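Visitor: Mind looking over this structure? Questions follow.
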Amino acid sequence: MNPERWRQVEELYHSALRIPPAQRADFLSTACKDDVELRKEVESLLTFSDSTATLFEQKGLDVAAKALVSDSGGNNQLDGPSPGSLVGRFRIVEKIGGGGMGIVYKAEDTKLQRVVALKFLPPEMAEDAHAIGRFRIEAHAASALNHPHICTIYDIDDATGQPFIAMEFLDGTTLEQRIGGKPMPADELFTLALQIASALETAHARGIVHRDIKPSNIFVTSSNQAKVLDFGLAKLQAGDSSDTPLRSESARRYSHLRDDHRLSFTGAVFGTAGYMSPEQVRGEKLDVRTDVFSFGLVLYEMATGRRAFRGSTRGELLDAILDQRPPSVRAANSKLPSDFGKIVTKAIEKDRNLRYQSCSELAADLRRLHRRIFPRSRVARWIEVGASILLMAALVFAVWIAKHKAGTPTQPEFQQLTMNSPENRITTGAISPDGKTLAYVDSTRVYLKDLHTGDARLIPLPNVPGVETLQWEVGPWFPDGTKFTVNTHPTSTTPPAALQGADAIWVVPQSGGMPTKLREKAVVFDISSDGSQVAFGQNMGKFGPLELWSTDADATSPHKLYDPDANSALCCLRWSHDRQRIIYVKTDESGDTFLSRDLKGGAPVVLLQPPETKKVRDYLWLPDGRFLYVVEEPSSFFGSRCNFWMMRVDQHSGQVTQSATQLTHVGDSCMNSMSVTADGKKVAFLRWNSHLASYIADLSADGMSILRQTRFPKSESSDGVGAWTPDGKGIIFVSNRTGTFGIYKQALDSDIAETLVPSASGLLHVSPDGKWLFFRGPIENSSPWLTPMPIMRVPVAGGTSERIFTAKAEAGISCSLLSLCVIAEPTQDLKRVVVSALDVFTGRGRELTRFEMDPVKNDWWFDLSPDGKHIASTASSDAPIRITSLQEQLTQDVHLKFQNPLLTFVWSPDSKGFFAIADTKEGRILLRTDLKGSVHPLWAYEGGSGETLAFPSPEGRRVAVQHWTTNGNVWTISNF
Amino acid sequence: MASSSTQNLTGLLQAWRQGDEEALRQITPLVYREMRKAARHYMAGERPGHSLQTTALINEVYLRLIGVQKVSWQNRAHFLAVCARLMRRVLTDYARSRDYRKRGGGLVRVSLSEVQPPAAESDPDLAALDEAMNKLAAVDERKSQVVELRFFGGLDVKETAEVLKVSPETVMRDWKIAQAWLLREMSGAKRHES
């Protein structure tokens, strides 16, 4: 509506309001003359002019508050449920505890007929949306921890407006009660300590820090199993870094709860603050080492029966944690070897840099000691458990073998600087010249982390439209450490208006303050050692930037250094220390060539060229001439395997003075985003990997919710579940555990996977008789997207695999439970998909039906119903699910009541609906749908990307899910 | 993320206005706390629905937000406008998250049958109001602002006039037609564009 028109409407409306309703019609017909539209508009507004009472008499806050009342059931929900009442499907039995972290009830799961423990946030915290958010995120993270010594979380729910966690109901006592003020017998001590250590190792490996390890948070069941409680939840109590335990308002608010809780047991010692680490007391950002400290105090107490730190007031206690050394373990318990005391002492070092850096280190020392003091036979079981855990640790990042200078072995040292979870992985980072600060970007924001205190602070983002949808990338620091660079790049969600200039270089002051834009349509490469020149690339071509440029730090004198020839790109300039020479990469059809060049002239020197450079991911040229670079291994699968290599390139001549040697042997990750401290001693890099992970989820009786999900198989390799074994007791999956992908079979109750096909992948489908497995045969030397696809078979029981026939490119397979298998093959023009019968021996049979597909998107999907009578298909991820009956060729469309793109789906075994995977802004979501299009979300995976697939078990009680997970954290390498 | 800014809420508000969503994340709990407080009044049988009382409540939120009286904003009107915008955002977000939960979204796994039916008198839908206000702003921005300031910000006519630098009479006129326009928009009544 144009403003003039609107003004007319307004005038007439107000005029009409001034006259009695009965006369308005006449008034309007006179005033509007022939303008029917105008009259209708005013009339329709007038009809709403008297009904304003309901909404606008109130205020927004009231409306929301009322909604809150109705959400909370309008009764006692705001202050916790009462015995006998139903919360969701749980009937409250009794309140069994109330501590700082929440109120715990014994409850009965009315659907599954089992006893559970329900933990609610205390009302004070339940008001805090931030706390609720954290509660949910942390509880969800903790629920993914499946470990015999971590209390299992069944369910997380906040449907009633008050979030709660349903978890394993444990029978036994807390470790606090078990210790009971007396030293524990050594064998019991070691058994429980190793169990707790193993629980902590597992959690830490997944980026989850407990933060509140103490004897009352560790349960010992009646069968002598330690169970660590409240994983991840303690974060709430401590708040995050902006919310420190001693200073923040929230901590003050909640501290009385902790104190009350403790006082109610002994009435003497003050607060569970007694197990805080010094950094926790100081309110610093916490990492796994806080758990090491607290665990050390627990060990101390198990060994001596006494608390390490005590005080009659909170202040005294905290002072003790910060300044005092507890009496030696040996003095209190002479039965333990002195080495036990040494382990405890190292675990409770005040300076976290002097402590055990991980629970793995601590656990390894405990195990060694245990093995030494107990006869081997008695600990054989432990060696076994320990060995498997150590093996895991070794896979994580352990095997670094270095050859340096004429074969003298040295050991590069590694340090992990960040501990972000996959949901919030780090994407780039750069260490400051003095090595004291790390600038990094997680999924959305730029941070500066003080590496001494661990505090991270958020960098404000400039006020530019669309800026929040840009991807930020940290670039090099200026040598004086006062500022650093970041690069922005557009993402798929960047609004079109913001695309112009989305590729820009910004300068960020270290001291805080807004970034300022240095250059648009450019990517930053390096800053010269005197800080006077910033090198960047400009004018993107098909291989990357076409031109190398340099400018001073004020962007006042940009000048072009080099142009490539028409068919190549130039990238990644690194200055020599004296800024006389550069190393850069020239990319053309043949690949990357690394060149060094004197800026005053002369021919470039070739340092590395294809195919050697085929997978170089990043490099640095250090002032002493060392040239450190990352090479991705040929067997790497989406960044699963990279290594550092090193050579020497003379800073003046640009010639290679020492040829390349491999510096590391890393099995499971890739590195990039390299930066170096001014002294050249420490190189920071991003260590990341992507892998397939598989989960088994137990479904509720109605199949509409997930009761519990377990990572299976538990391994660090890429394991993608593809089918259930016919008995529903195991899964068939692909895995790159040997370095190449193969097909494996593993029973859910077993730790051992059986190899079916050593080298193959994908498209796993079991024939209806349960005897054969279909899979995709190897496609050599070309893209799987264009090449005809060999279809293979192998006996599910194991045996020789054979080729059946060759299907068209991008074929899909589906088998019913009873009789039929089908193969779906897109036509050459990608407009239709032809579905034919598939036989284990004769291959493709007669055509059964065909359906349309979107040739541009090319993301069709299909599945054969369990009874073999219907095909469900989608033309694209935005299209409805079309169900075609094979008998009559009738179709019916199912429009899901869910807006997001539908990526994949599979029939539920009862043929009444689908398990579907949809794309969401946050990641992936697993939905259970019926044939009318109603959806029930089963599981959301934030940060998920790539292909996610779900497979219900034949009897429909479980669903197996595979998805991609990507980690990213900053590490440093030194002493290389 | 560490900062002294939990103390400096004025700074947070300012940061939020400049597009810093992190700041909003830190302010939101405070507003929610007030919302809970109002909810408790309802449950105790009180009627904070009376606009005077609510306004007092909202003012309290503001006071809590600024902490001390030293407001470094250019002027009080500007500050009130930002607060109103904040209230709108937080309350609308709450309404949306609530709808989302009712649909069974997010991580919450509950079957629809377990979700309580909406209250007999259906609640006014703040999320729909927010959308309608966005549409109204496209037609006449000031009218949308009047609603934001009065309904979400709890300002009276005089204060609203002060913020918008118009006469109280204009505010009243805007308020009337804006209400009708928004209710019509939210009712889904067919509108014709000109």
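No lab work stands behind these numbers, since they all come straight from the coordinates. Just so it is clear, the structure is predicted and the values come from calculations on it, not from any experiment. Ideal geometry is used to build each Cβ from the backbone, glycine not excepted, and the neighbour counts take in all protein chains shown.
Visitor: A:Ser338 versus A:Arg957, label points 7 Å from Cα toward the beta carbon: distance in nm?
Guide: Distance between the two pseudo-spin positions: 5.8 nm.
Visitor: For A:Asp554 and A:Asp351 in one chain, what is 0.36 nm times their gap in residues minus the Cα-Cα distance, to one decimal in nm?
Guide: 69.0 nm
Visitor: When you take every Cα atom in region A:774-890, what is the radius of gyration, and what is Dmax, the widest Cα pair distance, in Å?
Guide: Final numbers for Rg and Dmax: 14.3, 43 Å.
Visitor: Would you pull out the residues with amide H under 5 Å of A:Gly475's amide H, same chain only if 5 or more places away, H placed 1.01 Å from N?
Guide: Residues meeting the amide H criterion: A:Thr485, A:Val486, A:Asn487.
Visitor: If you count, for every residue in B:179-187, the Cβ atoms of partner chains within 10 Å of its Cβ, what is the mean?
Guide: Partner-chain Cβ atoms within 10 Å, mean over residues of B:179-187: 6.
Visitor: Suppose each label sits 7 Å from its Cα in the direction of the beta carbon; what would the A:Ile373-A:Phe27 distance come out to in nanometres?
Guide: Inter-label distance under the simple model: 9.5 nm.
Visitor: How many Cβ atoms of partner chains, on average, are near each residue of A:457-463 if near means within 10 Å of its Cβ?
Guide: Average neighbour count from other chains, rounded to a whole number: 4.
Visitor: Now, a different point. Show the residues, 5+ positions off or on another chain, whose built amide H is closer than 5 Å to the amide H of A:Ile791.
Guide: A:Gly777, A:Ile804, A:Phe805, A:Thr806, A:Ala807
Visitor: Calculate I(q)/I(0) for region A:1-51 by the Debye formula, one identical point scatterer on each C-alpha and no solvent, and give its log10 at q = 0.31 Å⁻¹ to two decimals.
Guide: Evaluating at q = 0.31 Å⁻¹ gives log10 I(q)/I(0) of -1.38.
Visitor: Also: State, as an integer percentage, the relative contact order of region A:596-722 based on alpha-carbon contacts under 8 Å between residues 6 or more apart.
Guide: Here the relative contact order equals 17 percent.
Visitor: Which entries of A:Lys615/A:Lys682; A:Lys436/A:Lys586; A:Lys95/A:Lys897; A:Lys771/A:Lys869; A:Lys285/A:Lys335; A:Lys95/A:Lys285 show an alpha-carbon separation above 30 angstrom in the structure shown?
Guide: Listed pairs above 30 Å: A:Lys436/A:Lys586; A:Lys95/A:Lys897; A:Lys285/A:Lys335; A:Lys95/A:Lys285.
Visitor: For region A:402-681, count all C-alpha to C-alpha pairs, find those more than 33 Å apart, and express that count as a whole percent of the total.
Guide: Considering region A:402-681, 19 percent of its Cα-Cα pairs are separated by more than 33 Å.
Visitor: A further question on this structure: Within a 10 angstrom radius of each residue's Cβ in A:40-48, how many Cβ atoms of other chains show up on average? Whole number is fine. Each step should come with its number before you reach the end.
Guide: On the way: counts 3, 5, 1, 0, 8, 9, 2, 5, 11.
If you average over the peptide's residues, the count of other-chain Cβ atoms is 5.
Visitor: For region A:836-976, compute the orientation-averaged projected area of the C-alpha convex hull (one quarter of its surface), in nm².
Guide: That works out to 13.1 nm², a quarter of the Cα hull's surface.
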